[in-house]
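I have placed the structure first, in the form of structure tokens, so that the comments after it can refer back to it.
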Amino acid sequence: MTVRLSTVRTLDPEMPKSTENDHSRRPRVVILGGGFAGVGAAMKLKDADADVVLVDKHNYHTFQPLLYQCASGLLEPIAVGHALRDLVHGQDNATIHQATITAVDLDAREVRFSDMEPLTYDYLVFGLGAEVNFFGTDGAAEHAFPMYTLPDAMRLRTHILERWEAADRDPELVDDGALNIVVVGGGATGIESAGALAELYRANFAKDYPNVSQDQARVILVEAGPTLFPMFKEDIREYTEKALAKRTVEVMVGEAVASISPTRVTLKSGTVIPAHTLVWGAGLQGNQLVQALGIELVRGNRIAVGPELTVQDHPEMYAVGDIAAITDAKTKTVLPQLGSVALQSGEHAGETIARRLAGKEAKPFKYHDKGTMATIGRGAAVMQTMRGRTMKGRTAQVAWGTVHLALLPTNEDRAKAVVDWAGAGLTHQRAGRITVETDEGRDMAGAGTKAPKARR
Ligand SMILES: Cc1cc2nc3c(=O)[nH]c(=O)nc-3n(C[C@H](O)[C@H](O)[C@H](O)COP(=O)(O)OP(=O)(O)OC[C@H]3O[C@@H](n4cnc5c(N)ncnc54)[C@H](O)[C@@H]3O)c2cc1C
């Protein structure tokens, strides 16, 4: 790895001892994770007198809010993943490594990897995000399709296309429920996925496969709680139910999934749904690596942080984004796991480290609420602010577009997203309806992901 050499300056009273004793290099800030939080931190350290090293197991930044659009063929992977190295072009103090983090030794201030030599740090930005939580559901790890990474989205897309092609060749598969999709989770991920997949079925597959009856291609949304979108107000919930019904999504609330097999979904009530596809959008937990850190964790495997986003007894460690439990200064509630929270908290960590390196005081984090929002389908979105203001329909879709454009990492990405969305809005086309096999059984369009195992 590249480490630039310069004389170290101990401007911060809390500067780690390792750096004070090592006059051969300037302070090193190691950023774990290239999501919204990690990238936000790296960018704010652009002018800092430090070596900034960002590590992610992927060599791209994933724009998670658009994953379901990728899974349903509306967007290509390059619209959802952006090369991390591209994002630090022109940032002379930054280095990117693609490596898998296996452990962090907080006492030794060292990060360990499966495929790279360990790295010591003076400041650590911990932004490893969240991962799927199957809550121990029988068969979920083997047969469910989660929706949290780009490989997840591509796997699902390829699997659905393969099911339709197979059903087109063999009508018995249709009778066996090959085209039914069960989506688990009545929160944003489940609702957005169900809406997008239903539009893919009714708008595109209805024309692609005219011999297959759409009545035998159901999209069923299952939620264990009594209502969809429990975090939203009643008017939003009613609107969502109508918008899903309009798109022919069947909603089952108060029903939990008991087990999943390759071709059947069994609910706790005993109902068995024939379905060869189950999309899991029901639960998140903080990255498993946090469990070995020896620090306080709160519900959902998240790291509790103080007002400056540092971890108790570790002023050199910032936890940001989905992995952090950040208490909002105004409402005193823990902020939700959202892109805008991740970006703002990452940026705050980067800015604060830069201030500390320059001998300035740290400031507490203040979250600027952009609202919680979701898109159910074309022209149908919902939005609610922390103060309870709500928006629905096209107005909310415009708000969604504005907020999400701001989250995209570059102006080039924003321009591309506007073109893609406008094109999709005008033509109803979902161009990503092809599977590209190579000799290695990989889907070329799938960012190098393995093709899914056959479910029958
Ligand atoms: C399907 C879906 C839809 C969403 N829709 C919205 C939305 O509409 N609006 C909104 O505001 N938010 C939305 N969110 C939430 C939002 O995307 C997250 O809050 C945000 O991405 C969190 O950013 P982060 O940087 O904390 O973590 P992440 O974006 O998860 O980034 C973590 C990074 O760490 C890397 N990593 C993890 N483990 C390791 C390891 N061991 N070694 C190396 N690297 C590792 C990962 O590769 C990843 O790049 C959605 C999330 C999902 C899953």
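Within the chain, what whole-number % of the accessible surface is contributed by carbon and sulfur, with the 1.4 Å probe and all protein chains included in the calculation? Present the calculation step by step, with values, prior to reporting the outcome.
Numbers: 10220 of 20080 Å².
Solvent-exposed carbon and sulfur of the chain make up 51 percent of the total.
At 0.36 nm per residue, minus the direct Cα-Cα distance, what do ASP92 and ASP208 gain on full extension? Give it in nm, one decimal, please. Can you show the working numbers first?
Numbers: separation 116, 0.36 × 116 = 41.76 nm, distance 4.98 nm.
Residue separation times 0.36 nm, minus the Cα-Cα distance, leaves 36.8 nm.
Tell me, in nm to one decimal, what length is gained between ALA103 and LYS363 on full extension, where the rule is 0.36 nm per residue of separation less the Cα-Cα distance? The partial results should precede the final answer.
Numbers: separation 260, 0.36 × 260 = 93.60 nm, distance 2.92 nm.
My answer for the length gained is 90.7 nm.
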For the chain, what Kirkwood radius comes out of the mean inverse Cα-Cα distance, in Å? 23.1 Å
Pull out a ≥ b ≥ c, the square roots of the eigenvalues of the alpha-carbon gyration tensor of the range 320-423, then state rounded if a/c is under 1.5, prolate if not and a/b is larger than b/c, and oblate in the remaining case. oblate
Rounded to the nearest 10 degrees, what's the angle between the helix 411-427 long axis and the longest principal axis of the chain, both from Cα atoms, 0 to 90? 10 degrees
In µm²/s, what is D for the range 138-244 at 37 °C and 0.692 mPa s, where D = kT/(6 pi eta Rh) by Stokes-Einstein and Rh is the Kirkwood radius from Cα pairs? 218 µm²/s
With Cα atoms, 0 to 90° folded angle of helix 393-407 axis to the chain main axis: 30 degrees
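If I take every Cα pair under 8 Å that is 6 or more residues apart in the chain, average their sequence separation and divide by the length, what percent do I get for the relative contact order? Kindly include the intermediate steps, with their values, before the conclusion.
Working: 950 pairs, mean separation 87.0, N = 456.
Dividing the mean separation by the residue count of the chain yields 19 percent.
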Computed about the Cα centre, the charge dipole of the range 68-116 from +1 Lys/Arg and -1 Asp/Glu charges at the Cβ has a magnitude in debye, to the nearest 20, of 80 debye
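With only Lys, Arg, Asp and Glu charged, each at its Cβ (+1 for the first two, -1 for the last two), find how big the charge dipole of the range 132-258 is about the Cα centre; round to the nearest 20 debye. Walk me through the numbers on the way to the answer.
Numbers: 12 positive and 21 negative charges, 89 e Å.
So the dipole magnitude of the range 132-258 works out to roughly 420 debye.
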Given the convex hull of the Cα atoms of the range 160-210, what is a quarter of its surface area in nm²? 3.6 nm²
Taking a ≥ b ≥ c as the square roots of the eigenvalues of the Cα gyration tensor, with a/c under 1.5 meaning rounded and otherwise prolate when a/b exceeds b/c and oblate if not, the range 384-423 is oblate
Over the range 305-384, calculate the relative contact order: mean separation of alpha carbon pairs under 8 Å at least 6 apart, over the residue count, as a percent. 25 percent
Most packed first (mean Cβ within 10 Å per residue), the peptides 390-399, 157-166, 360-369 order as 157-166, 390-399, 360-369
What is the Cα centroid distance between the range 237-315 and the range 202-225, reported in whole angstrom? 23 Å
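How much mean residue ellipticity at 222 nm does the chain get from its helices, if each DSSP H run of length 4 or more adds -39500 (n - 2.57) and you divide by all residues, to the nearest 500 deg cm²/dmol? Please report the intermediate quantities before stating the final value.
Numbers: 13 runs with 132 residues, N = 456.
Result for the chain, helices only: -8500 deg cm²/dmol.
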Give a residue-ordered list of calculated ³J(HN,Hα) values for the range 368-383 (Karplus: 6.51 cos²θ - 1.76 cosθ + 1.60, θ = phi - 60°; whole Hz; x for Gly, Pro). 9, 5, 9, x, 9, 9, 8, 10, 8, x, 4, x, 10, 9, 9, 8
List the extent of the Cα atoms of the range 184-313 along each of their three principal axes, largest first, rounded to whole Å. 64, 36, 31
Provide the convex hull volume over Cα atoms per residue for the range 81-121, in Å³. 88 Å³
Measure out, as a whole number of angstrom, how far apart the alpha-carbon centroids of the range 65-141 and the range 326-392 sit. 20 Å
What do the square roots of 5 times the Cα gyration tensor eigenvalues come to for the range 95-169, in whole Å, largest first, as semi-axes of the equivalent ellipsoid? 37, 15, 10
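Can you give me the accessible area per residue for the chain, using a 1.4 Å probe, in Å²?
44 Å²
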Taking +1 at the Cβ of each Lys and Arg and -1 at the Cβ of each Asp and Glu, which of GLY281, LEU297, THR327 sits farthest along the dipole of the range 243-379 towards its positive end, judged by Cα position relative to the Cα centre? GLY281
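The values are calculated or read from the model by the stated rules, or taken from the named source; none is laboratory data. The shown structure was predicted, so the numbers you read here are calculated from the model rather than taken from an experiment. We place every Cβ from the backbone using ideal geometry, glycine too, and count neighbours over all the protein chains shown. Keep in mind that these areas ignore ligands, DNA and RNA; they rest on the heavy atoms of the full protein, side chains included. Shrake-Rupley method; radii C 1.70, N 1.55, O 1.52, S 1.80 Å.
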